[in-house]
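Bear in mind that the values in this text are calculations on the coordinates, not laboratory data. Remember, predicted model here, so these are calculated numbers, not experimental data. Neighbour counts run over all protein chains shown; Cβ positions are idealised from the backbone, glycine included.
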Amino acid sequence: MKKLLLLNPPFLPNYSRDSRSPAVTRSGTIYYPIWLSYAAGYLIRNKVNVKLIDAIAEPVPWKQFSKYLSDENYDIIAIHTSTPSIESDGKIAQDIKKILPTARIYLTGTHVSALPEETLKLFPEVDGVVVGELEYPLLDLAKGMPLNEVRGIVYREGNRIFHSKPKEIFKELFQLEWVSKIYRKFLNIDNYFYSALRYPVITINAGRGCHYNCSFCVLPQVFTGHNVRLREVDDIIAELEYIKSEMPWVKEIMFEDDTFTIDQLWLKRFCLELIVRKIKIRWSANARAELSLNTLKLMKLAGLRLLFVGFESPNKKTLHSIHKGITPEQQQVFMANTRLAKVKVHGSFIFGLPGETMGDMGDTISYAIKLQPDTCQFFPLIPYPGTEMFHQLNKKGHIKFEKYRDYLTPEGYHSTVLAYPDVSTDEILAMCRIARRIFYRRPGYILKKISQILFNPAEAKRIIRAYWNFRKHMK
């Protein structure tokens, strides 16, 4: 077996590659390197000598890191990437190759999965790209299989680039090590913070894939696919019990699945098991705005605290055009039900969707206030390579950038590469700023947060830290 290093490479402080929209967040959120962590667990289960390093959460001086690489002499180094950081990630790969010229370097992540040949042409020191999920290809590489037999990679031999056969869908989720164990082995849990969640938090996946077709959503289109695979309920319950037993300081579990609520029969079994076994644990998840009041009440009884929901727009035609598969009326009923069930909601809204005017964006702000989520984010539309949205806009000449770093502001916050004829990028970003100020500076909202701090001590630490990070963006 080969010796592997899985690296979340340095970039900007607190940069989150594993976010669906990679960036430095204004609230101080920093994501776990969840995909590298699951891959590490799978490799360990298969007796591979592997190390996971998160150089974002725990920066290491380059001189010290160079010496570490020289001493350890890894055979294979897998570097996780993202669209905004890809130029930096490729430079890191080049620098590592100078230190370990015989090591094979592979890039992973959504960006290189969408643009493998472009990536290899840009960075001749990189030996290959893992397309999509990591487990099968990395294990085959660790075994030393001939490259043309390793499925799911694009690789370089001499001056030529080759595509191997597509890999099989990773269905054996029971073979994955609990990612919470991997975090505990390689990472410092206290380094990771999610502004809407209680601190400290653990993020895990209950499954992979999403069968919905939102045209802007990058993970299902280029990384995990639309084929939904769910872990067994008993396996997840056992991991939650492990976290409660071995990491009792953890205050919340976040299910990072694209849509945790995608299979409602499975969801009800999961909730009932938590209730029957009397497992007291707080958890949150990504969801769609289509859950019934009874389902929400059951989830609340099972320990649910908060749902992350993408509302995107109040415009029915716009929602239809991006294949959201849901209506504003459904969203409003859902929000009324969450208030009855006493479930918090973190809402996401997008500015700059195709065909939107400045007036439409103003309507989105009013809609966010009408829905009354506990917290919310206002994003510019960010079309990532490999998505239907990118293809659609690029074909019309509505995408413009010189380098992928342009997907971020100079500080590392979300920007956009839209080039509409009627609405400028600056206007879209300005609407995001205006929306944040209007939503969060309302007197009634401020009083609500003060009340939560005073009468719900469990929420106080999270709210104060998030506000401290976010306050400069409210001016």
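For Glu402, project a label point 7 Å along Cα to C-beta. Then give me every residue of the stretch 81-106 with its amide nitrogen under 13 Å of that point.
none
Mind checking Rg over Rh on the stretch 194-440, alpha carbons, Kirkwood formula for Rh? List each step's numbers first, then the result.
Details: Rg = 18.8 Å, Rh = 19.2 Å.
Ratio value, two decimals: 0.98.
Quick one: what do you get for the chain if you divide its Cα Rg by 2.2 N^0.38 Å?
Relative to the 2.2 N^0.38 Å estimate, the chain comes out at 0.96.
Tell me what the chain gives for mean residue ellipticity at 222 nm when only DSSP H runs of n ≥ 4 count, each as -39,500 (n - 2.57), the sum divided by the residue total, rounded to 500 deg cm²/dmol. Working shown, then result.
Details: 18 runs with 191 residues, N = 475.
Mean residue ellipticity at 222 nm (helix-derived): -12000 deg cm²/dmol.
Which of the trypsin sites (Lys or Arg not before Pro) found in the stretch 23-77 are loop residues per DSSP with 10 or fewer other Cβ atoms within 10 Å of their Cβ?
Counting only loop positions with at most 10 other Cβ atoms within 10 Å, the trypsin sites (Lys or Arg not before Pro) in the stretch 23-77 are Lys47.
Do the alpha carbons of any pairs in Lys317/Lys400; Lys143/Lys167; Lys67/Lys97; Lys121/Lys167; Lys3/Lys97; Lys297/Lys344 sit beyond 18 Å of each other, and which pairs? Provide the component values of the computation, followed by the final result.
On the way: Lys317/Lys400 25 Å; Lys143/Lys167 16 Å; Lys67/Lys97 13 Å; Lys121/Lys167 23 Å; Lys3/Lys97 16 Å; Lys297/Lys344 12 Å.
Long pairs (Cα-Cα over 18 Å): Lys317/Lys400; Lys121/Lys167.
Please report the antiparallel percentage of DSSP beta bridges with both residues in the chain, rounded to the nearest 5.
25 percent
Once you put a point 7 Å from the Cα of Lys244 and another 7 Å from the Cα of Ile450, both along the Cβ direction, what distance in nm separates them?
Between Lys244 and Ile450, the label points sit 3.7 nm apart.
What dipole magnitude, in Debye to the nearest 20, does the chain give about its Cα centre under +1 on Lys/Arg Cβ and -1 on Asp/Glu Cβ? It would help to have the intermediate numbers written out before the result.
Details: 66 positive and 49 negative charges, 311 e Å.
So the magnitude is around 1500 debye.
Using a basic spin-label model with each label point 7 Å from the Cα along Cα→Cβ, how many nm lie between Trp468 and Asp363?
Inter-label distance under the simple model: 4.1 nm.
Using the Kirkwood radius over Cα pairs, work out the Stokes-Einstein diffusion coefficient for the stretch 358-406 at 37 °C and 0.692 mPa s, in µm²/s as a whole number.
Working: Rh = 13.3 Å.
Here the translational diffusion coefficient equals 247 µm²/s.
Which Cys in the chain stand alone, with every other cysteine's Cβ at 4.7 Å or more from theirs?
Cys210, Cys271, Cys376, Cys432
Can you check how the C-alpha radius of gyration of the stretch 3-163 compares to 2.2 N^0.38 Å, as a plain ratio?
Values: Rg = 14.7 Å, N = 161, 2.2 N^0.38 = 15.2 Å.
Rounded to two decimals, the normalised Rg is 0.97.
So if each residue of separation counts as 0.36 nm, and I subtract the Cα-Cα distance between Leu340 and Asp234, what length gain in nm does that give?
Numbers: separation 106, 0.36 × 106 = 38.16 nm, distance 2.94 nm.
My answer for the length gained is 35.2 nm.
Among the lysines, which have Cα under 18 Å from the Cα of Lys181 when same-chain residues fewer than 8 positions away are ignored?
Within reach: Lys47, Lys51, Lys244, Lys251.
Hey, what did the stretch 334-451 get for relative contact order, percent, Cα under 8 Å, at least 6 apart?
Values: 119 pairs, mean separation 29.6, N = 118.
Answer for the stretch 334-451 is 25 percent.
Give the calculated FRET efficiency between Val60 and Glu388 to the nearest 0.05, with a Förster radius of 25 Å applied to their Cβ-Cβ distance. Mind dumping the intermediate values first?
Values: r = 39 Å, r/R0 = 1.54.
E between Val60 and Glu388, to the nearest 0.05, is 0.05.
What nm value, rounded to one decimal, do you get for the distance between Leu265 and His323 when each label is placed 7 Å out toward the C-beta?
2.5 nm
Please state the relative contact order of the chain as a whole percent: Cα pairs under 8 Å, 6+ residues apart? List each step's numbers first, then the result.
Numbers: 882 pairs, mean separation 67.5, N = 475.
Value for the chain: 14 percent.
Once the piece of chain linking Phe174 and Thr102 is laid out straight, how much longer is it, given 0.36 nm per residue of separation minus the C-alpha distance between them? Write out the running numbers ahead of the final one.
On the way: separation 72, 0.36 × 72 = 25.92 nm, distance 3.45 nm.
Fully extending the segment from Phe174 to Thr102 adds 22.5 nm.
Rounded to the nearest 0.05, what FRET efficiency is calculated for Asn49 and Lys280 with R0 set to 41 Å and r the Cβ-Cβ distance?
Values: r = 38 Å, r/R0 = 0.93.
Computed FRET efficiency for Asn49 and Lys280: 0.60.
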